[in-house]
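Notes follow once the structure below has been shown.
The values are calculated or read from the model by the stated rules, or taken from the named source; none is laboratory data. Treat the numbers as computed from the prediction; the structure is a model and nothing was measured. Methodologically, a virtual Cβ is constructed for each residue, glycine included, from the backbone with ideal geometry; neighbour enumeration extends over all protein chains shown. Surface accessibility is based on the protein's heavy atoms, side chains included, excluding ligands, DNA and RNA. Shrake-Rupley method; radii C 1.70, N 1.55, O 1.52, S 1.80 Å.
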Amino acid sequence: MRSEETLDELRGYDLRIIQPTDGYRFSLDPLLLCDFAGAGEGGRVIDLGTGTGVIPLLMARRCPSSRIVGVGVQEGMAALAVRNVAVNVRADRVEIICDDILSIRKRFPASSFDLVIANPPYRKQGTGRISPKAGRDRARHETSATLADFLETAKYLVSPTGTVAFIYHPVRLVEFCTAAAALKLALLRLRMVHGNAGAAGRMVLLELVKGRRGDLELLPPLFVYGADGEYSEEMQRILSGPVR
């Protein structure tokens, strides 16, 4: 461990995550997304914009026989992700690639994955508050790849029988749906995430497929906190993970 890093536990998943003290630090979003996405055993999973590798590690715990790839463009974060894999799981199960998602077609043929998962930056360049802490802005603001790029890459990578799962900010939900429709990605499931029953939606979970049609299933909202201010029963279930 370095002085500018912390080692944090996700006990329900038996994971230890190395994170920068002042840079990007994971929130509840990866846990919500992995719970929403699910994955069949033995499938191939890829995480676009992997950061410190939290999503690949969560999916490795949830789906012990799956093979998982995490792709991230920031060299420092990708190096942390490699270290996190080494600390937690066998390296032959989770692979970390430092590359831009715009170049990913050079690495994988079309329809290579059963599940494509993404927690992409949700703010456009030049919008929103700028964080004074290095690394956090690149996790929140689009840089080389836009929302449309993430969706187009997901479509290329997912198999016709597979699924795509995103977590995104609801302020851009209309733009998300428009971009997905333009790519002929069908939206099959949508779930809003709220802080509590009286709060506006803070994030939205979306599942898409290519080459298939289906009716949209609007799921019940997910509340992070209950009326007592503690984690809701569902959030407690998600945090408890698969480790008993």
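Here are the numbers for this structure:
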item	result
Sequence of Lys210, Lys184, Lys124 from largest to smallest accessible area, 1.4 Å probe	Lys184, Lys124, Lys210
Ordering of 157-166, 189-198 by burial proxy (mean other Cβ atoms within 10 Å per residue, highest first)	157-166, 189-198
Kirkwood Rh and Cα Rg combined as Rg/Rh, the range 149-244	1.04
The chain: DSSP helices with Cα axial extent of at least 18 Å and average Kyte-Doolittle hydropathy no lower than 0.5	75-88
Solvent exposure, largest accessible area first (probe 1.4 Å, DNA, RNA and ligands not counted), of Tyr122, Tyr231	Tyr231, Tyr122
Spatially proximal aspartates and glutamates relative to Lys210 (Cα-Cα < 14 Å; intrachain offsets below 8 disregarded)	Asp114, Glu152
Positive dipole terminus of the chain, leading residue within Ser159, Gly42, Val82 (C-beta point charges)	Ser159
Relative contact order [Cα under 8 Å, 6+ residues apart], the range 1-81, whole percent	26
Cα gyration tensor, the range 1-112 - rounded (a/c under 1.5), prolate or oblate	oblate
Average projection area in nm² (convex hull over Cα atoms of the chain, one quarter of hull surface)	13.3
Largest-first ordering by accessible area, 1.4 Å probe, given options Asp114, Asp47	Asp114, Asp47
Accessible surface of the range 142-244 [probe 1.4 Å, protein heavy atoms]: carbon and sulfur percent	57
Debye, to nearest 20: dipole size of the chain, +1 on Lys, Arg Cβ, -1 on Asp, Glu Cβ	440
Highest-MSF residue in the chain out of Ala179, Ala78, Ala154 [GNM, Cα springs under 10 Å]	Ala179
